[in-house]
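Since the structure comes first, as structure tokens, the remarks are kept for the end.
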Amino acid sequence: MLKKLLQNKWFKIIAKVTLSLVLLLTLFYGSVYYGMWGEVPSVTSLETLKQSQATEVLDTNNDLIGKFYVFDRQSITYKNFPEHLINALISTEDIRFYDHDGVDNKSLARVFFKTILLSNDASGGGSTITLQLAKNLFGRKDHGFLSIVVNKIMESIVASRIEKVYSKEEILTLYLNTVPFPDNTYGIESASKKFFNIHTKDLSISQAATLVGSLKANSYYNPRVHPERAVARRNVVIRQMEKYGYLNADDALKISKAPLVLEYRSYDPNQGLAPYFRAEIKRQLDTILQLDEFRKPNGEAYNIFHDGLKIYTTLDNTLQKYAENAMTKHMTALQKQYEKAYGNNAPWLKNKQAYKAAKTRLVAYKKLKEQGLTEKEIEAELNKKRDVELFSWDKTEIKQLSTLDSLEYYLKFLNAGMISLDPASGAIKAYVGGIDYRYFQYDHVSQSKRQVGSTFKPIVYTAALENGTQPCTYFPIKAITYTDVEDWTPTNAGENYDEDLNYSLEYALSNSINTIAVKVLYETGISKVINQAKLMGIDSAIEEVPSIALGSSNLSVLEIAKAYTSYVNESTPSSPIFITKIEDKDGNIIASYDDLNPKKQPKKAFSDTTRQVMLEFMKATVNSGTSQRLRSQYNFSNDLAGKTGTTQDNKDGWFVAIMPKLVTITWVGNDNQQIGFSNTSIGQGANSALPIFANYLQQLNQDSKYASITSAKFETPSEGVLESLICEPSKKDGFFDRLFGNKKDTKEFNEEKPKGGIFSWFRKNKK
């Protein structure tokens, strides 16, 4: 029988064909194995797997605020995986995981015959967890119509090698740290933080099943975008866990009926908490990590996108949330007020000069200009319409707009900057660089420099006190013309003051009287005022012109913050601190606080007496001056000092808030400096910038965690300082009478100055 079979013509043909196929498949397999279709990772290379890991940015409480990554991945160890997560994964993806050596031959045979030979896509992938890991680690390449076969063989070879090098626990660890989840998220820890705002170890069965279920098709089962599909897929995973004995029927039913609750947190550079702060951290890291002393042991520079560093910062997550909430609440209302005040006469519609200047600053315009296009051709290109996602305080929407349409639309928006820092250490606690980083990426805290208005006046008064001017010196309010600067005549805004009166320094500063600020500057000397600003940490160039008394200098929010810390830091400015420590992925310290912030011998910017006097002046600003709405409208009882600022043509609104343990600066304005507010009542710092701080402080006051900040008290001034401040707000004559018409000289005035009575009692007992 066998002899006849061997002599059978058809048997010989089938045998030859079969042997030929086996030989062909063997040769084909060998060609893949030996790298003819591309290098297959060796056992040695698998032993030293290096995977790109996201760098984490942590706040002062070690809470995650953001990441830098190519792939959003955070690696954790096996002990951080809850048992139900492993059970969900194995019951859904690879029930024979513990029994095979990387390749499940049953599943692979099914794939070969159904998918490849019969082109049946419904047969499943046949992948084991180890095969999927091989794909995750090394990806797939295009080999034409043979791609699926070549890649599957490569993955089976790699999977077998992985099984030889790593234990099952290590394979699960590698897999869960590298597998892609929805929203460009890699690894279970990143997915847990993004979708549920918890660590992997804290995932519930439902949450674990949701994430495991999304692995089948990241986009289709994305729980953020398609919650109903995600729930249906979660329930499939739950049924699989029940089927294989990982859940009992009652628990499975209960979990399947439970709603899916997300707490989504985006760590995309353009979204999430503190995006401007994170951008500034990245800018600083780009410099720090290139320095020789902060490189890897082998001399290479660290890569923040691949090396899984941990960046410890000074930011406080909660204060940052409060700051962003405060800004959003106020700016939403202010934008409406701003647009309504202009009505149909809005400068972004009527001011052709501002529009044209903004157009020529466009990157698109400059590129077209460089290409040699005429103005008419450029205009045509910039008028081409496309779908554009537009920012709005109500909701974002997509419209068909051209580049020039978008320019006109965005010209109307006010922007804002805010920083809050610990004056003793310089630690930045909250940092809001703009209204929305997705649409406005220019940082209004550290990058932008704007005229600072009356926030510069305390520096002028500080210089005056340091140069011998007494706190109870009086200056006439009457406007005068300065012939040495092209007949410049500074005037006062707001109240109609009695021009026959002379006002004390405290009253003049707390009510932001322009005419007196300029006279104080002249009496002190411009060069001395500029030098005082430098001592207080101002690094920007300040022009030697008298208008600096009214804040004509362009400075950043960050510089102003540094200067004002000196009033509550023993007269010494604190350098703003962003980063306290940098660690590598293994927890080794690359750079510490002392490395990043070299100790400098503290140098006082002014005397203790001047500090105490200036604080009293700025307390008066809050209690009875331009910032009094903090008391009258918001009813704050906290110890507060401050200064408002408004620039020419109401283009910038500022507010500086000083608390014993927190200094906060807010700025509001239009990015186009040719466009200001329509009137002072809206544009003044007390209306445009102060409410952001007020909203912020309201939240702080309601949070007992920050009682040490909100209940902190200012230092008690010395008896000498209190005595020096005993004087009426205004007088008919004063220190400058000899210069401006009256006869009483300095000696006579000082002898007649009030020594006590009601003013003495008020000074000693007021808040």
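The values are calculated or read from the model by the stated rules, or taken from the named source; none is laboratory data. Here the structure is a predicted model, which means the values were calculated and not measured. Note: ideal-geometry Cβ built from the backbone for every residue, glycine included; neighbour counts use all protein chains shown. In case anyone asks, the SASA skips ligands and DNA or RNA and just uses the protein heavy atoms, side chains included. Shrake-Rupley method; radii C 1.70, N 1.55, O 1.52, S 1.80 Å.
If R0 equals 41 Å, the separation of the Cβ atoms of LEU722 and GLN673 corresponds to a calculated FRET efficiency of about 0.45. Our estimate of slack between GLN648 and TYR593, defined as 0.36 nm per intervening residue step minus the Cα-Cα distance, is 15.7 nm. Go ahead and run the numbers for FRET between VAL225 and GLU543, Cβ-Cβ distance against an R0 of 45 Å, rounding to 0.05. After rounding, the FRET efficiency stands at 0.25. With all protein chains in place and a 1.4 Å probe, the accessible surface of the chain carries 50 percent carbon and sulfur.
Farthest toward the positive end of the dipole of the chain, out of TYR564, LEU362, SER552, is the Cα of LEU362, where the dipole comes from beta carbon charges about the Cα centre.
Placing pseudo-labels 7 Å out from each Cα toward the beta carbon at LYS366 and LEU390 gives an inter-label distance of 2.6 nm. Overall size of segment 566-643 from C-alpha positions, given as principal axis extents largest first: 55, 31, 15 Å. Take the cross-link list LYS310/LYS661; LYS603/LYS705; LYS429/LYS603; LYS562/LYS619; LYS79/LYS164 and give me the ones stretching past 26 Å between alpha-carbons. Correct reply: LYS310/LYS661; LYS603/LYS705. Taking the inverse of the mean 1/r over every pair of distinct Cα atoms in segment 192-325 gives a Kirkwood hydrodynamic radius of 18.0 Å. Here the simple spin-label model places points 7 Å from the Cα toward Cβ, and for GLU486 and LYS352 these points are separated by 2.7 nm. In percent, rounded to a whole number, the relative contact order of segment 370-432 is 20, using alpha-carbon pairs under 8 Å and six or more apart.
The Cα atoms of segment 286-422 cover 60, 44, 26 Å along the three principal axes, with the biggest extent listed first.
Matching the structure-derived Cα extents along the principal axes in Å against the labelled list (1) 85, 71, 58; (2) 74, 59, 52; (3) 142, 63, 54 gives the label (3).
Residue-wise HN-Hα couplings along segment 374-388, as the Karplus relation 6.51 cos²θ - 1.76 cosθ + 1.60 with θ = phi - 60° gives them from phi, are 6, 4, 5, 5, 4, 4, 5, 5, 6, 9, 6, 8, 7, 6, 10 Hz; Gly and Pro carry x.
Per-residue ellipticity at 222 nm, computed for the chain from helices alone with -39500 (n - 2.57) per DSSP H run of at least four residues, works out to -12500 deg cm²/dmol.
Under a model in which nothing but the beta-carbon of Lys, Arg (+1) and Asp, Glu (-1) is charged, segment 308-389 shows a dipole of about 200 debye around its Cα centre.
For segment 640-731, the spread of Cα coordinates along the three principal axes comes to 48, 46, 17 Å, biggest extent given first.
Projecting the Cα atoms of ALA416, ALA159, ALA541 onto the dipole axis of the chain, where Lys and Arg carry +1 and Asp and Glu carry -1 at the beta carbon, places ALA159 farthest toward the positive end. Remark: relative contact order (the chain) = 12 percent; criterion is Cα-Cα distance under 8 angstrom and separation of 6 or more residues. Bridgeable aspartates and glutamates around LYS340 (alpha carbons under 20 Å apart, same-chain partners fewer than 8 residues away excluded): ASP394, GLU408, ASP649, ASP652, ASP671.
Taking the empirical scaling 2.2 N^0.38 Å for compact globular proteins as reference, segment 154-267 has a Cα radius of gyration ratio of 1.13. Test of understanding: extend the Cα→C-beta vector of ASN197 to 7 Å, then name every residue of segment 53-83 with backbone N under 13 Å from that spot. Counting only backbone N, you get 64-65. Per residue, segment 486-558 exposes 41 Å² of solvent-accessible protein surface, assessed with a 1.4 angstrom probe and all protein chains in place.
Judged by the mean number of other Cβ atoms found within 10 Å, the most tightly packed of the peptides 537-544, 192-199, 408-415 leads the ranking 192-199, 408-415, 537-544. What is segment 490-611 by shape, rounded, prolate or oblate, if you read a ≥ b ≥ c off the alpha carbon gyration tensor as root eigenvalues and call it rounded for a/c under 1.5, prolate for a/b larger than b/c, and oblate otherwise? Prolate, because a/c is 1.5 or more and a/b exceeds b/c.
In units of the rule-of-thumb radius 2.2 N^0.38 Å, segment 369-442 shows an alpha carbon radius of gyration of 1.61. Spin-label model, ILE398/ASN635: points 7 Å from Cα along the beta carbon direction are separated by 4.7 nm.
Each Lys and Arg contributes +1 and each Asp and Glu -1, all at the Cβ; summed about the Cα centre of the chain, the dipole is approximately 2660 debye.
How would segment 234-298 be classified by its alpha-carbon gyration tensor: rounded, prolate or oblate, with rounded meaning a/c under 1.5 and the a/b versus b/c comparison settling the rest? Because a/c hits 1.5 or more and a/b fails to exceed b/c, segment 234-298 counts as oblate. Listed by chain and number, the aspartates and glutamates placed with their C-alpha closer than 16 angstrom to that of LYS194 are GLU56, ASP63, ASP72, ASP183, ASP202, GLU263, ASP268; residues fewer than eight positions away on the same chain are left out. Ranking ILE304, ALA464, GLY525 by Cα position along the charge dipole of the chain, where only Lys, Arg, Asp and Glu carry charges on their C-beta atoms, puts ILE304 farthest toward the positive end.
Between rounded, prolate and oblate, where does segment 208-260 land on the alpha carbon gyration tensor, with a ≥ b ≥ c its root eigenvalues, rounded for a/c under 1.5, else prolate if a/b exceeds b/c?
The shape class here is oblate.
Taking every protein chain into account, the accessible area of segment 369-414 amounts to 64 square angstrom per residue (probe 1.4 Å).
In a fully extended conformation the segment linking LYS296 and ASN344 would gain 11.2 nm over its present Cα-Cα distance, using 0.36 nm per residue. The simple Förster model, with R0 at 35 Å and r as the Cβ-Cβ distance, assigns ASN105 and ALA258 a FRET efficiency of 0.35.
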